[in-house]
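Okay, structure first, notes after.
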Amino acid sequence: MTTNTLSIPRAILFDLDGTLADTAPDLAAAVNLLRTAQGLMPTPYESLRPTASSGARGLIGAAFGLQPEDDGYENLRIAFLNNYAAALAVKSRLFDGVTDLIKGLSEHDLAWGIVTNKAARFTDPLVRQIGLHGAGCVVSGDTMPQAKPHPGPLFEAARRLGISPQDCWYVGDDLRDIQAGHAAGMHTVAAAWGYCGELAPRVWGADLIINTPLQLLECIRNRCLA
């Protein structure tokens, strides 16, 4: 765990995919349905998992080698999202330690919320099905005109909680999470257990890098003064 001195938070905001929830199995299944429908072999899960935080763009890129500007991409994107909506929480689960982390936040009277680039069409049912319905706020990728790394969604989450952005920490497993948090004036926490891997967060400039959810709780308890 890498730490800097951080102020005591009043709220913790979390990214969803790759931070609170391991949703990669269902995302990978949705994109591989596209391949099998075309008579292609499924893309190995190990190749798809690192792209899960990038949503359709990352998964279609890994499975088909196509980018948003390429012919055929948009049709694949629509079909992928429909596949995912039909099987949203089959194998998805909370990462180990997340349930205890959330319980610990409540014990410390800290508010918590979710800020994700996943559209509300998927976020709202997933949050209910996976056990995150206690969030103080949920800001999805289409809640605001801009998505992360724009700070707007984080400002909106802080507004909904009634807490100044400067009193919030934002936790995520992708560079754009750290960029958004910095732009919003929040302390940033890189979740190295997520889809980013252990090496990438070292160059993101996060205020804190942690390897497990419970390390965040430990850091809060120690007020990050170590």
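Things to note:
- Computed from Cα positions, the angle between helix 55-64 and the longest principal axis of the chain comes to roughly 40 degrees.
- A DSSP coil position with no more than 14 other Cβ atoms inside 10 Å describes the following GluC sites (Glu not before Pro) in segment 147-226: GLU198.
- The magnitude of the dipole of the chain, with charges of +1 and -1 set on the Cβ of Lys/Arg and Asp/Glu and taken from the Cα centre, is near 260 debye.
- Along each principal axis, Cα extent of the chain, largest first, Å: 55, 32, 30
- Within the straight-line cut-off of under 24 Å between alpha carbons, the lysines reachable from LYS91 are LYS103, LYS118, sequence neighbours fewer than 8 places apart in one chain being disregarded.
- Cβ-based exposure ranking for MET186, MET144, MET41, in which fewest neighbours within 10 Å come first: MET41, MET144, MET186
- Cβ-based exposure ranking for TYR84, TYR45, TYR170, in which fewest neighbours within 10 Å come first: TYR45, TYR84, TYR170
- A cut-off of 5 Å between modelled amide H atoms, ignoring neighbours fewer than 5 places along the same chain, links VAL138 with ILE114.
- Compactness of segment 146-226, expressed as Rg and Dmax over alpha-carbon positions, Å: 12.4, 36
- Shape category assigned to segment 24-86 from the gyration tensor of Cα positions, a/c cut at 1.5: rounded
- MRE, 222 nm, helices only [DSSP H, n ≥ 4, -39500 (n - 2.57), over the chain, to nearest 500]: -12000 deg cm²/dmol
- Order of LEU94, LEU216 under a 10 Å beta carbon neighbour criterion, fewest first: LEU94, LEU216
- Amide H to amide H distances under 5 Å link LEU66 with GLY61, where only residues 5 or more positions off or on other chains count and H is placed in the peptide plane.
- Extended-chain gain in nm, criterion 0.36 nm per residue less alpha-carbon gap, ALA120 and GLN38: 26.6 nm
- Relative packing of 63-76, 104-117, which averages over residues the other C-beta atoms within 10 Å, highest first: 104-117, 63-76
- Principal-axis analysis of the Cα atoms of the chain puts helix 120-130 at an angle of about 70° to the longest axis.
No value in this document is a laboratory result; all are computed from the given coordinates. Just so it is clear, the structure is predicted and the values come from calculations on it, not from any experiment. Cβ atoms come from the backbone with ideal geometry, glycine included; neighbour counts cover every protein chain shown.
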